1. Along the stretch 44-51, what does the Karplus equation 6.51 cos²θ - 1.76 cosθ + 1.60 (θ = phi - 60°) give for ³J(HN,Hα), rounded to whole Hz, x for Gly and Pro?
2. Going by average Cβ neighbours within 10 Å, how do the peptides 160-172, 24-36 rank, with the highest at the top?
3. How many nm is it between the label spots at D15 and K88, if each spot is 7 Å from the Cα in line with the beta carbon?
4. Among the listed pairs K87/K176; K79/K190; K10/K135; K63/K85; K63/K176; K88/K190, give every one whose C-alpha distance is greater than 31 Å.
Amino acid sequence: MNQPETLVQKLLNGDQASFAELVEQYQDMLYNTALSIVQNNSDADDITQEVFIQVYLSISSFKGESKLSTWLYQITISKALDHEKKKKRNKRYGFIKSLFGISETTEALPVEFNHPGIQLEKKESSNALFKALKKLPDNQRIAFTLHKIEGQSNLEVAAIMNMNVTAVESLMSRAKVNLKNTLQDYYNEKFKDQ
């Protein structure tokens, strides 16, 4: 396996085999990140492909000021958040279209997804966590996802999100409080009859 800098140099030189190596090396990381954000297997696949297309087309814009993985995370997060915004916009306009008799086949309910890092016996509680994550502001959700789900250090999260470590720690603290409140409601409701 090449070091990322060598891989980037090969990509810049137009080496096609190095692009296949890049995909092999980073596809799981990008897919898992996209899946954690959009919470839909098919959408995460599409986003991962879009990321690799963008990387292929714009590798020359990679300046090497950050790690290759940081740049890839940034692109993935951007594409995943854009995807969510587009989905919300389509959902909003879907109601207006239905008033005028224009029908579209859209997903009414969120698709259940399976995150590769979740064990089967923890699936119900992980679904509750991912639903609670959807309720967080984007910055808190991204910081939490990168740190707790993807296992990145606060320093790496700061580099990916273009902020300082103190800001990341603040986002993480607020995310934990918000998740605790949301999940407390979930568990109170779940165990109220027991």
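1. Each residue of the stretch 44-51 in turn: 5, 4, 4, 5, 4, 5, 4, 4 Hz.
2. Numbers: 160-172: 16.8, 24-36: 19.5.
Packing order, densest peptide first, comes out as 24-36, 160-172.
3. About 4.2 nm separates the two model spin labels.
4. On the way: K87/K176 26 Å; K79/K190 35 Å; K10/K135 41 Å; K63/K85 28 Å; K63/K176 34 Å; K88/K190 29 Å.
Beyond 31 Å: K79/K190; K10/K135; K63/K176.
Readers should treat all values here as calculations from the given coordinates under stated rules, not as data from a laboratory. Since the structure is predicted, the reported quantities are computational estimates derived from the model, not experimental observations. All Cβ positions, glycine included, derive from the backbone under ideal geometry; neighbour counts span all protein chains shown.
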